[in-house]
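Have a look at the structure below before the remarks.
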Amino acid sequence: AGDSERDEPPLMVGSPFEDVQSAADFEEKLGFVIDAPEGAENVTYCIYDGEIACVDFTLDGHEYTYEASKLDGNFSRADGEAIGSVSLNAKYDATLDRLSPDVWRVHWSKDGVSYYLTNFDGAEESAITGVADTLMESN
């Protein structure tokens, strides 16, 4: 005990997830920053596949995943075709997709970075659009 080397967690070889401590770590490793909105709880940060910043958080009783990357295509955790889509914000080319009654996916892009906000627990449309609007303005 007390030996700092022994306190290091073992390296997980082959895991696509790298946990990081804060949004600042994204800037250093990926060149951009995303963070949970004001008032969010249970916030965790990780980098997926070395290229995707991911922030999980809870807000007003609903769980969200916020992801960003310089990759093209849908890299969000929400796969599938939308059963309904609505344009949210022309400035960021933001679109809200409903994938099922309980699953939402918002996508937008800015300065070469693509962003996704997803919810799988049936948040109200007004709730996810509110979160998305906040996040768009904070980047």
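The values are calculated or read from the model by the stated rules, or taken from the named source; none is laboratory data. These numbers come from a predicted model, not from an experiment. Backbone-built Cβ (ideal geometry, glycine too); neighbour counts: all protein chains shown. Accessible surface areas use protein heavy atoms only, side chains included; no ligands, DNA or RNA. Shrake-Rupley method; radii C 1.70, N 1.55, O 1.52, S 1.80 Å.
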Item to complete: Mind telling me which of the residues 35, 7, 49 ends up being of a type outside the set (Gly, Ala, Ser) and either closer than 25 Å to residue 129 by Cβ or modelled with pLDDT of 95 or more (or both)?
Response: 35
Worksheet item: What are the residues in region 77-100 that are of a type in the set (Gly, Ala, Ser), surrounded by fewer than 20 Cβ atoms within 10 Å (Cβ to Cβ) and either out of contact with any strand residue (DSSP E or B) (no Cβ under 6 Å at 6 or more places or on another chain) or assigned to a strand (DSSP E or B) (or both), if any?
Response: 84, 85, 87, 90, 100
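Quick one: which residue in 69, 87 is of a type in the set (S, T, N, Q), at pLDDT 95 or above and under 15 Å from residue 118 (Cα atoms)?
Details: 87 fails: under 15 Å from residue 118 (Cα atoms).
Only one candidate passes the filter, namely 69.
Would you confirm, using the coordinates I've provided, whether residue 48 is open to solvent by less than 50 Å² (accessible area, probe 1.4 Å) and within 16 Å of residue 22 (Cα to Cα)? Before the answer, list the steps.
Details: open to solvent by less than 50 Å² (accessible area, probe 1.4 Å): no; within 16 Å of residue 22 (Cα to Cα): yes.
No: the conditions fail for residue 48.
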Fill in: Subset of region 61-76 [within 10 Å of the chain's Cα centre (by Cα) and surrounded by fewer than 16 Cβ atoms within 10 Å (Cβ to Cβ)]
none
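Any residue at all in region 34-42 that is open to solvent by 50 Å² or more (accessible area, probe 1.4 Å) and touching a residue at least 60 places away in the same chain (Cβ under 8 Å)? Lay out the reasoning, then the answer.
Within region 34-42, the subset open to solvent by 50 Å² or more (accessible area, probe 1.4 Å) is 35, 38-39, 41-42.
Next, from what is left, pick out any that are touching a residue at least 60 places away in the same chain (Cβ under 8 Å): 35, 38.
Within region 34-42, one or more residues are open to solvent by 50 Å² or more (accessible area, probe 1.4 Å) and touching a residue at least 60 places away in the same chain (Cβ under 8 Å).
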